[in-house]
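Here is the structure we will look at.
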Amino acid sequence: MIILGIETSCDETAASVIEAKEKKSKVRLLSNVVASSLPMHAKTGGIIPEKAAREQIKYIIPVIKKSLSDAKLRLRDIDSLAVTVGPGLIGSLLVGVETAKTLAYVWNKPIIPVNHLIGHIYANWIECDKKIEFPALALIVSGGHTDLVLIKNHGKIKWLGGTRDDAAGEAFDKIGRLLGLPYPGGPVIEKASERGDASRFTFPRPMINSNDFDFSFSGLKTAALRTINKCHSELDSESLPEQTVNDLCTSVQQAIIDVLIKKTLKAAVKYNAKSILLGGGVSANQKLRDGLKLKIENFKLKIPFFVPEKWLCTDNAAMIATSAFFNYKPVPWKKITANPELYFD
Ligand code: KG4
Ligand code: ZN
């Protein structure tokens, strides 16, 4: 089966073609095109939804055309369409949803609506040689979400907990902004951390020992703000020395990672997970990837750990097409609507 996926939930306009035969066989990536309006948002320090959607209207057709030509296919060769219907920004979602519905109608193709968060989990199946056993425990860490879910089987997902306020990616982005770093803060903080000293500043690990699988990162943001202000007043300066910024980044990053790892392992043990999966933009963070892998080994947990290639952690359409393949439930195009507040059922 050949599926064309379309993803426009936030600031990316993406289209991808995948091919898969049966659930046991490998998902092959035939093309993966992502046009990002990030450089534009970097100038404003964050996403302006109306501007994001206007850019996506410009990109959507060229991106779909390129995904087909990269795959050396035409639209008539596609068996099915898949599109992100939520959660996300309504203007952005509509660009992808209405385009996909039009293509489904004109070409008389089946179309599958996909939840963006579940898509992030399915990035783990793309070009994956190993079998992912169920139940699988997944941590989804993105700009808007931090969720722990148990996947009992394809289509059978139980939500275990999530953030009560800011998402992990949001914490990286907001603290990056407080430090005067460009948007998005996550990758910039990761880079700065490489030259930082973790012993200089200590930040709280919110809810690390709580008796549930929830998270909270807004307190960390407040603690970071207080420390940053203190540094400014001690130096009596508007800007902080590069080393101070690096040291702050290292400690902030470690605080976020420590909480994510501890809760993920706790959930994996409690639910007897046979696999642990990471997904979402923050899972591109090398310290998080290495840290989780190391902790699984240190605790001698014989649970295979999966994380997508870094370029498949951030938003893309291959994960949307892959999710549609494993949860193949076409819906009449007329019944498909964008839902910015879509969550786990
Ligand atoms: O999944 P994603 O591309 O979009 C959403 O669905 O939100 O995630 C974007 C988020 C941003 O908050 C960004 O700062 C974060 O992922 N991110 C990272 C890294 N790369 C992206 N956070 C930490 N370290 C990274 N290397
Ligand atoms: Zn995402």
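Cβ-Cβ contacts under 8 Å between residues 6 or more apart (or on different chains), taken from a first residue in the stretch 38-51 that is in the same structural domain as residue 12 (by TED's automatic domain parsing) to a second residue that is of a type in the set (A, V, I, L, M, F, W, C), are listed as 41/47; 41/48; 41/52; 47/10; 47/89; 49/89; 49/90; 51/40.
Only one entry of 196, 161, 169 meets the criterion of being under 30 Å from residue 273 (Cα atoms) and in contact with an Asp or Glu (Cβ under 9 Å, 6 or more places away or on another chain), and that entry is 161. Looking at 17, 34, just one residue is open to solvent by 20 Å² or more (accessible area, probe 1.4 Å) and within 18 Å of residue 61 (Cβ to Cβ), and that residue is 34. Given the condition out of contact with any His (no Cβ under 6 Å at 6 or more places or on another chain), without any contact (Cβ under 8 Å) to a residue 60 or more places away in the chain, more than 30 Å from residue 132 (Cβ to Cβ) and buried (at least 20 other Cβ atoms within 10 Å of the Cβ), answer yes or no: does some residue in the stretch 82-101 qualify? No; the residues of the stretch 82-101 include none that is out of contact with any His (no Cβ under 6 Å at 6 or more places or on another chain), without any contact (Cβ under 8 Å) to a residue 60 or more places away in the chain, more than 30 Å from residue 132 (Cβ to Cβ) and buried (at least 20 other Cβ atoms within 10 Å of the Cβ). Filtering 278, 248 for residues that are hydrophobic (A, V, I, L, M, F, W, C) and within 16 Å of ligand 2 (Cβ to nearest atom) leaves a single hit, 278.
Counting only helices (runs of 4 or more DSSP H) that sit wholly inside the stretch 235-345, those with at least 2 residues that are open to solvent by 60 Å² or more (accessible area, probe 1.4 Å) are 242-270, 286-298. Per the listing 126, 140, 118, the residue uniquely open to solvent by 30 Å² or more (accessible area, probe 1.4 Å), touching a residue at least 12 places away in the same chain (Cβ under 8 Å) and within 16 Å of ligand 2 (Cβ to nearest atom) is 118. One residue stands out among those in the stretch 4-29 that are more than 21 Å from the chain's Cα centre (by Cα) and in contact (Cβ under 8 Å) with a residue 24 or more places away in the chain: the one that is nearest to residue 125 (Cα to Cα), which is 26.
The values are calculated or read from the model by the stated rules, or taken from the named source; none is laboratory data. Since this is a predicted model, take the numbers as computed values, not measurements. Every residue, glycine as well, gets a Cβ built from its backbone with ideal geometry; the counts of neighbours run over all protein chains shown. Side chains are part of the model used for accessible areas, which takes the heavy atoms of the whole protein and leaves out ligands, DNA and RNA. Shrake-Rupley method; radii C 1.70, N 1.55, O 1.52, S 1.80 Å.
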